[in-house]
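> Below is one structure. I have some questions about it.
The values are calculated or read from the model by the stated rules, or taken from the named source; none is laboratory data. As the structure is a computational prediction, the values presented were derived from the model and not from experiment. Counting neighbours? That spans all protein chains shown, and the Cβs are built from the backbone with ideal geometry, glycine included.
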Amino acid sequence: MIYLTVCVLFGVATSMVARAKGTSWLLWGLIGAIFPVLGLVGVLLFRRETEELRRQCPSCGRVCMIYDALCTRCGTELEFPEVAIESSADAAHRAHPAT
Ligand SMILES: [Zn+2]
């Protein structure tokens, strides 16, 4: 019974961290409840995709993640870019500084 309580508490804590990071709190809540400690560590290490720098594919113009080696749309091999595009989190922050 104590184990069950621990699972629920970790599930709630994990989902709260996931929600603060802007990712799926429901999914992470379940992970946190099933793997009480691992789930919480996992969500704390989880990188916010919106905070990553982006770059544009020279062939099709699709915006990809800066660490992508191949364009996810046309498959063009991507050199490391000279100019990176700011992360979507930074762009959103600049558009709405209050948030
Ligand atoms: Zn492309």
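> Here are some residues: V41, V17. Which one is under 30 Å from C64 (Cα atoms) and either in a loop (DSSP other than H, G, I, E, B) or without any contact (Cβ under 8 Å) to a residue 24 or more places away in the chain (or both)?
The unique qualifying residue is V41.
> In this structure, does L27 turn out to be assigned to a helix (DSSP H, G or I), surrounded by fewer than 12 Cβ atoms within 10 Å (Cβ to Cβ) and modelled with pLDDT of 90 or more?
Criteria not met by L27.
Condition check ((1) among the aromatic types (F, W, Y); (2) within 30 Å of F10 (Cα to Cα); (3) away from the ligand (no atom under 14 Å from the Cβ); (4) at pLDDT 90 or above) across all residues:
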residue: G22; (1), (2), (3), (4): no, yes, yes, no
residue: L40; (1), (2), (3), (4): no, yes, yes, yes
residue: R48; (1), (2), (3), (4): no, yes, yes, no
residue: R55; (1), (2), (3), (4): no, no, no, no
residue: C74; (1), (2), (3), (4): no, no, no, yes
residue: V83; (1), (2), (3), (4): no, no, yes, no
